[in-house]
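Beneath this line is the structure, given in structure tokens, with notes to follow.
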Amino acid sequence: AHRVGQLPSVSPSLSPRALADGAHTRCAHPHGRRYGRLRQQVNRGEAKAQYRLANCYDRGDGVAQDYFEAARLYRLAADQGHVGAQFSHGICLRDGTGGTQDHAAAARLFRRA
């Protein structure tokens, strides 16, 4: 249990929905065709692709680890209603990973997700 005004602790493990959205997918090398297709989808504003690529940057899977880029992509997908991205961006905001720590915004995202 947590106190009022305190953020709940959350497990970093992937939820079934996150797995279904491709969070577990290994990322392609940045100079490969799969990465190029994924980047094109991100540039078109596709939330699922934004979330998948954010996970790659978050873990450093196939790309150099970059928490700022991960948080940016999570935010883009979260703003489109992607539940996994809302949760992941909430973690970024809660921990201050990839930007400024903001517990109130994190709590709002956790409630939405």
If I filter region 39-57 down to residues being in contact (Cβ under 8 Å) with a residue 12 or more places away in the chain and surrounded by fewer than 23 Cβ atoms within 10 Å (Cβ to Cβ), which single residue comes out as farthest from Asp102 (Cα to Cα)?
Arg39
Just the residues that are modelled with pLDDT under 95 and in contact with a Cys (Cβ under 6 Å, 6 or more places away or on another chain), please, taken from region 55-113.
Cys56, Asp61, Gly62, Val63, Gly98
What number of residues within region 69-92 are surrounded by fewer than 21 Cβ atoms within 10 Å (Cβ to Cβ) and of a type in the set (Gly, Ala, Ser)?
1
Residue, farthest from Arg34 (Cα to Cα), within region 67-96, restricted to residues that are in contact (Cβ under 8 Å) with a residue 24 or more places away in the chain and of a type in the set (D, E, K, R)
Arg94
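Picking from Asp61, Asp102, Asp95, which residue would you name as being under 15 Å from Cys27 (Cβ atoms), surrounded by fewer than 22 Cβ atoms within 10 Å (Cβ to Cβ) and of a type in the set (D, E, K, R)?
None of the other options fit; the residue is Asp61.
The values are calculated or read from the model by the stated rules, or taken from the named source; none is laboratory data. These numbers come from a predicted model, not from an experiment. All Cβ positions, even for glycine, are placed from backbone atoms using ideal geometry, and neighbour counts span all protein chains on display.
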